[in-house]
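The values are calculated or read from the model by the stated rules, or taken from the named source; none is laboratory data. What you see is a predicted model, and the numbers here were worked out from it, not measured in a lab. Every residue, glycine as well, gets a Cβ built from its backbone with ideal geometry; the counts of neighbours run over all protein chains shown.
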Amino acid sequence: MEFQQGDGYVALGSSYGAGPGLGDRVAGSPRAAGRSTHNYAHLLAERLGLNLTDATFSGATVAQILGRDASAKRAPQLDSVTAETRLVTLTGGGNDVGYVGYVTMASLPPLLRSITGTNRRLATSRDPRELQRKGAALADDLLALFAAIRERAPKATIAVTDYLALLPADSSTSAPPLSRDDAEQGRQYWSYVNATIRQAAARAKVVFADVASISAPHHAWSTDPWLERFVLLGGKAAPYHPLRSGMVAVADALEAALRAV
């Protein structure tokens, strides 16, 4: 896939696209968005010579990106896509099923979980029926988003990524402060959301960059991590989010996937 210098590029997604905690906030962007000039969209735009509109927003769901969530207090990210757009990337879906929220809540000190009611929320999140319900809604929203992008920007290439591997592949490597059971639950969330994204991408015939596989040796507890651990102060990224090295890896994977088209 070849692009012309200055072609329009719109980056959609949540925090794994925005890059909270990486520093160098995008000028003029809301602080809550967590957009960093070190996120993969900025890296990719520079490499390909594209004119980037970074619409990513930390905490966003695909339903909010699409405009299906009436509770959102900001315009849908989809509004940034126009007929002149030639590339749209997406990293999102984890918030729709509660993936990062689960591992973050499970990492809080036991006393804090107890007095804040977090333990009750964690118990609800462990219900497989709840995950399946949310996953089905996510699949529908992804397909609707891809269709809406194509309607707005018929000449655009759509590229989607799954999620970098946060946790060790199995319980043989501990992941403190997560318990063994919570780490396993986190892996199930990660696998489920990635499978949902991969299947939706295949159905919609959009470009798919598999970052889950390449990042397995670089989980947050590895010797060469691409994601930050649960560090409340002094971390190089937001807790359980991509480091700059992780963003470079995602940009590499997307560039390779686009050039292979």
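Values computed for the structure shown
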| quantity | calculated |
| --- | --- |
| Boolean, residue 37 is among the β-branched types (Val, Ile, Thr), under 24 Å from residue 148 (Cβ atoms) and either at pLDDT 95 or above or surrounded by 15 or more Cβ atoms within 10 Å (Cβ to Cβ) (or both) | no |
| Among the candidates 181, 170, residue that is modelled with pLDDT under 95 and closer than 20 Å to residue 101 by Cβ | 181 |
| Cβ pairs under 6 Å, 6+ apart, first in the stretch 201-223 and over 16 Å from residue 255 (Cβ atoms), second loosely packed, with under 15 Cβ neighbours inside 10 Å and of a type in the set (Gly, Ala, Ser) | 216/169 |
| Residue 107 being touching a Gly at 6+ places or on another chain (Cβ under 6 Å) and either closer than 30 Å to residue 136 by Cβ or surrounded by fewer than 17 Cβ atoms within 10 Å (Cβ to Cβ) (or both) | no |
| Hey, residue 25 more than 24 Å from residue 135 (Cα to Cα), surrounded by 24 or more Cβ atoms within 10 Å (Cβ to Cβ) and either touching a His at 6+ places or on another chain (Cβ under 6 Å) or free of Cβ contacts under 8 Å to residues at least 24 places away in the same chain (or both) or not | no |
| The stretch 143-164: number of residues that are crowded, with 22+ Cβ neighbours inside 10 Å and either more than 21 Å from the chain's Cα centre (by Cα) or more than 30 Å from residue 85 (Cα to Cα) (or both) | 0 |
| Count - residues of the stretch 169-220 that are surrounded by 20 or more Cβ atoms within 10 Å (Cβ to Cβ), touching a His at 6+ places or on another chain (Cβ under 9 Å) and among the β-branched types (Val, Ile, Thr) | 0 |
| Identity of the residue in the stretch 54-88, assigned to a strand (DSSP E or B) and within 17 Å of the chain's Cα centre (by Cα), that ends up nearest to residue 14 (Cα to Cα) | 54 |
| The listed residue being touching a Gly at 6+ places or on another chain (Cβ under 8 Å), basic (Lys, Arg) and modelled with pLDDT of 95 or more, out of 229, 198, 187 | 229 |
| Residues of the stretch 5-43 classified as of a type outside the set (Phe, Trp, Tyr) and not in a loop (DSSP other than H, G, I, E, B), total | 16 |
| The stretch 128-146 residues that are in contact (Cβ under 8 Å) with a residue 60 or more places away in the chain, paired with ones that are among the polar types (S, T, N, Q) (beta carbon under 8 Å, 6 or more apart) | 131/125; 131/188; 135/196; 138/196; 139/196; 139/199; 141/61; 142/196 |
| Cβ-Cβ under 6 Å pairs, at least 6 apart or on other chains, the stretch 226-247 side farther than 18 Å from residue 213 by Cα and buried (at least 24 other Cβ atoms within 10 Å of the Cβ), far side modelled with pLDDT of 95 or more and of a type outside the set (Lys, Arg) | 237/21; 237/22; 237/228; 237/243 |
| Helices (runs of 4 or more DSSP H) within the stretch 167-261 that include 1 or more residues farther than 30 Å from residue 148 by Cα and among the acidic types (Asp, Glu) | 180-204 |
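For every residue, the table says whether it meets (1) touching a strand residue (DSSP E or B) at 6+ places or on another chain (Cβ under 6 Å); (2) under 16 Å from residue 212 (Cβ atoms); (3) among the β-branched types (Val, Ile, Thr).
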{"residue": "120", "(1), (2), (3)": "no, no, no"}
{"residue": "162", "(1), (2), (3)": "no, yes, no"}
{"residue": "182", "(1), (2), (3)": "no, no, no"}
{"residue": "196", "(1), (2), (3)": "no, yes, yes"}
